[in-house]
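Since the structure comes first, as C-alpha cells, the remarks are kept for the end.
The values are calculated or read from the model by the stated rules, or taken from the named source; none is laboratory data. Everything numeric here is computed off the predicted structure, so don't read it as measured data. Reconstructed Cβ throughout: ideal geometry from the backbone, glycine too, with neighbour counts over all protein chains shown.
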Ligand SMILES: Cc1cc2nc3c(=O)[nH]c(=O)nc-3n(C[C@H](O)[C@H](O)[C@H](O)COP(=O)(O)O)c2cc1C
C-alpha cells in the first residue's frame, strides 16, 4: 500500500500517522493560568530532544480555532511540570484530557492530589513517581501550505527533576518495572513496557574509534 498523506482526511491522516510513530511517551502537563488557576492535560506529541541543555518539546493542537489551555497558560506564565504517567495513573490521565475551557480544574476532575513544585509555580501530580519541572524557551508554529497554524511546538528547558527514592539508584538508574510508564498508540490505544532487554553499542573491529 502506498499512501499520499495529503489524500487522506485530517482524521484518517492523524490515525494512520499516530499508529506508525509508536509508542509515544505521554507528557502529562501541569500549568497555571495568568490568574494562578491549575490546569492538567496529557500530550503525546511530546519528547525529550536534548539533554544539554535539557530540553523537551510538546506539540499543542487547536481547539475551536484557538489555543488549548496548556498553550495559553505557557504563553502567559512560561512554566510547566511534566508528570510521568505510570500505569496506575492511566484512568486519571485520561480523565484530565477532558475538553474543557479555561479555569476548569482537571486535577479536581480527575480526583488527583497536588503537591508543590520546587522551582516553578505549577503544582505536580502527587501520585506520579517522577516529575520534570520546566520553563518555556521557544514556540514554533506548524503551518500548512496556506500558512495556517494547526499546531504549536513548544520547547522547554528542564530546570528540576523529582524521582521517587523507591525507584531511583543514583546517579541515573531508574527501576523501569516500578516506574511502569504508559505509552500512547493511536486513538484510545495504549501500551505498557513489555520485556526489557539491553543491546551494547557497536564498535569498529580492531579500530580505535
Ligand atoms: C493520551 C493523550 C495524548 C494527547 N496528546 C495530545 C497532543 O499531543 N496534542 C494535542 O493537542 N492534544 C493531545 N491530546 C488531547 C488533549 O489532552 C486535550 O485536547 C485536552 O483537553 C487539552 O487540555 P488543555 O486545553 O487543558 O490544554 C491528547 C489526549 C490524550 C488522552
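Details
- Residue count for segment 75-92, restricted to those that are surrounded by 24 or more Cβ atoms within 10 Å (Cβ to Cβ) and within 16 Å of residue 188 (Cβ to Cβ): 1.
- Selection status of residue 137, away from the ligand (no atom under 15 Å from the Cβ) and not in a loop (DSSP other than H, G, I, E, B): yes
- Hits in segment 37-78 (condition: in contact with a strand residue (DSSP E or B) (Cβ under 7 Å, 6 or more places away or on another chain), more than 15 Å from residue 153 (Cα to Cα), assigned to a strand (DSSP E or B) and away from the ligand (no atom under 13 Å from the Cβ)): 54
- Neighbours by Cβ (under 7 Å, 6+ apart or cross-chain): first from segment 97-112, more than 11 Å from the ligand (Cβ to nearest atom); second modelled with pLDDT of 90 or more and in a loop (DSSP other than H, G, I, E, B): 110/96; 112/127
Per-residue answers, yes or no, for (1) under 28 Å from residue 177 (Cβ atoms); (2) at pLDDT 95 or above; (3) out of contact with any helix residue (DSSP H, G or I) (no Cβ under 9 Å at 6 or more places or on another chain):
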residue	(1), (2), (3)
81	yes, yes, yes
86	yes, yes, no
91	yes, yes, yes
96	yes, yes, no
101	no, no, no
119	no, yes, yes
129	yes, yes, no
137	no, yes, yes
